[in-house]
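Take a look at the structure below.
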Amino acid sequence: MTEPPKHAVSRLRDARMARRTEPFIARGSRAERCPQCRVIFSHCLCALRPQVSTQAGMCLIMCDTEPLKPSNTGWLIADVVQDTFAYAWARTEADPDLLRLLADPQWQPYVVFPGEFVAPERVVAEVSPSPGKKPLFILLDATWPEARKMFRKSPYLDKLPVLSLQPEQLSRYRLRRSTREDHLCTSEVAALCLGLAGEPHAADTLEAYLDVFSDHYLKAKQALPLDLDDALHQRLRSLAEVGAAAPG
């Protein structure tokens, strides 16, 4: 079977791996993983990967090791949302391709970050791009301490509006935990952004894909069998079928 073309996060991972002097081994596991979904082969979920058509785009600015982590959920965003861009963050310089994307007139960039850390005049609660522009959500893909540093030390973000989310539910992400329970994983943040952009089907699909990914990942870690007909898998398949039937 022909492998799907690599998306932005996969390409960023390849570039990061090429710079390593030692092999990267995921914490707690030395089992061989599927290169497409990053789960061990016995629990691969490639056949369940959904794709949806969206007007909104996602721009992931990723901390150094995030693309290497099998539990990273930015990868899931790139699986689902075709217009996903990914760049490595560096304190001393910005990727020229990232700067070109932020200046592209087809996009209206929004930095997604808590409003409590931002000057009030920069904060917006709604997504209302100018006529002729599509929303581009900039997500800082990192741990919370790293994300705060990235936000402070990225001057090219300083003039952009900041979308401050107010999620009504706590994170359901079960693979890595923040020290603050009100923090969401990157994929959950992206789903909320899609909902605000008026794309509820894409938001629901990304949420369902995260649930299935978490199920496969944890059961692989615990050497437990999968139930491909449980409610999580049925929901994802149903949403994927709706997406496949929608006009492109």
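The values are calculated or read from the model by the stated rules, or taken from the named source; none is laboratory data. Computed from a prediction, not measured in an experiment: that's the story for all the values here. Methodologically, a virtual Cβ is constructed for each residue, glycine included, from the backbone with ideal geometry; neighbour enumeration extends over all protein chains shown. Keep in mind that these areas ignore ligands, DNA and RNA; they rest on the heavy atoms of the full protein, side chains included. Shrake-Rupley method; radii C 1.70, N 1.55, O 1.52, S 1.80 Å.
Restricted to the stretch 78-97, and to residues there that are acidic (Asp, Glu) and in contact with a Lys or Arg (Cβ under 9 Å, 6 or more places away or on another chain), the residue that is farthest from residue 207 (Cα to Cα) is 83.
For the stretch 87-101, the candidate set comprises residues that are in a helix (DSSP H, G or I) and in contact (Cβ under 8 Å) with a residue 24 or more places away in the chain; within that set, the residue that is surrounded by the fewest Cβ atoms within 10 Å (Cβ to Cβ) is 99.
Entry remark, the stretch 209-243: residues being within 21 Å of the chain's Cα centre (by Cα) and without any contact (Cβ under 8 Å) to a residue 40 or more places away in the chain number 4 in total.
Number of residues in the stretch 197-231 that are surrounded by fewer than 20 Cβ atoms within 10 Å (Cβ to Cβ) and among the hydrophobic types (A, V, I, L, M, F, W, C) equals 6. Of the residues that make up the stretch 45-57, is at least one more than 20 Å from residue 239 (Cα to Cα), outside any loop (DSSP other than H, G, I, E, B) and open to solvent by 10 Å² or more (accessible area, probe 1.4 Å)? No, because not a single residue in the stretch 45-57 is more than 20 Å from residue 239 (Cα to Cα), outside any loop (DSSP other than H, G, I, E, B) and open to solvent by 10 Å² or more (accessible area, probe 1.4 Å). Taking residue 78 as the residue in question, decide whether it is of a type in the set (A, V, I, L, M, F, W, C), without any contact (Cβ under 8 Å) to a residue 40 or more places away in the chain and outside any strand (DSSP E or B). Spelling it out, it is not the case that residue 78 is of a type in the set (A, V, I, L, M, F, W, C), without any contact (Cβ under 8 Å) to a residue 40 or more places away in the chain and outside any strand (DSSP E or B).
Suppose the filter is assigned to a loop (DSSP other than H, G, I, E, B) and either over 14 Å from residue 206 (Cβ atoms) or open to solvent by less than 10 Å² (accessible area, probe 1.4 Å) (or both); does residue 64 pass it? When the stated conditions are applied, residue 64 passes them. Filtering the stretch 2-51 to residues that are of a type in the set (S, T, N, Q) and at pLDDT 85 or above leaves 10, 36, 42, 51. From the list 127, 123, exactly one residue is of a type in the set (A, V, I, L, M, F, W, C), on the phi < 0 side of the Ramachandran plot and in contact (Cβ under 8 Å) with a residue 60 or more places away in the chain. Which is it? None of the other options fit; the residue is 127. When residue 111 is tested against the conditions (1) under 15 Å from residue 147 (Cα atoms); (2) open to solvent by less than 40 Å² (accessible area, probe 1.4 Å); (3) modelled with pLDDT under 95, the lone failure is (3). Applying the condition of being at pLDDT below 95 and aromatic (Phe, Trp, Tyr) to the stretch 132-178 and asking which residue is farthest from residue 89 (Cα to Cα) yields 173.
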